[in-house]
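Heads up: the structure comes next, in structure tokens.
The values are calculated or read from the model by the stated rules, or taken from the named source; none is laboratory data. Keep in mind it's a predicted model, so treat the numbers as computed, not measured. Cβ placement follows ideal geometry from the backbone for every residue including glycine, while neighbour counts extend to all protein chains displayed. Remember, those area values only see protein heavy atoms, side chains included, never the ligands or the DNA or RNA. Shrake-Rupley method; radii C 1.70, N 1.55, O 1.52, S 1.80 Å.
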Amino acid sequence: MNKTQFVRELQRELGDGVTPRQAERALDAVLDTIARSVLRRSLVKFRGFGSFSIKRRRARVVRHPENGSKLFVHESSTMKFRPSSRLWKK
């Protein structure tokens, strides 16, 4: 499902009084709020759905798969989503 399809589905769920543009703005507001909160290192948790957080990857030395030379990989961060057990059961 892409964003356009999701917005259409969201519009249907919200009812007849909601336009596609309003549904898209609501979705964008939710996603922006989640992103800003996670970037501030806050844990965003939705009970029964899952949680969003930042996962740090330590700097490390790895080997190049073709020639075996050592490469240094800098520390990095990535967003992590962990689904709730209730979501996994569905």
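Which of these, K70, K45, K55, has the largest mean-square fluctuation under a Gaussian network model of the chain (Cα springs below 10 Å)?
K70
Just how large is the dipole of the chain about the Cα centre, in debye to the nearest 20, putting +1 at every Lys and Arg Cβ and -1 at every Asp and Glu Cβ?
Dipole of the chain, to the nearest 20 debye: 660 debye.
Answer with one residue from P65, A35, F49: the one whose Cα lies farthest towards the positive end of the charge dipole of region 26-89, charges on Cβ with Lys, Arg +1 and Asp, Glu -1.
Result: F49.
Would you mind working out the accessible area per residue for the chain, using a 1.4 Å probe, and quoting it in Å²?
On a per-residue basis, 88 Å².
At a threshold of 8 angstrom on Cα-Cα distance, excluding pairs fewer than six apart, so keeping six or more, what relative contact order does the chain reach in percent?
With pairs under 8 Å counted, the relative contact order is 21 percent.
If you line up the long axis of helix 20-39 against the longest principal axis of the chain, both from Cα atoms, how many degrees apart are they, to the nearest 10?
30 degrees
Could you work out which residue, out of S53, S77, S37, moves most in a Gaussian network model of the chain, that is, has the largest mean-square fluctuation with Cα springs under 10 Å?
Its mean-square fluctuation being the largest, the pick is S77.
Count the lysine pairs in the chain whose Cα atoms sit under 24 Å apart, keeping only pairs 8 or more residues apart in sequence or on different chains.
10
Which of these, A35, A26, A59, has the largest mean-square fluctuation under a Gaussian network model of the chain (Cα springs below 10 Å)?
Highest fluctuation among the options: A59.
Would you mind checking which residues have amide H under 5 Å from S84's amide H? H placed 1.01 Å from N; only 5 or more apart, or other chain.
Result for S84 returns F49, G50, S51.
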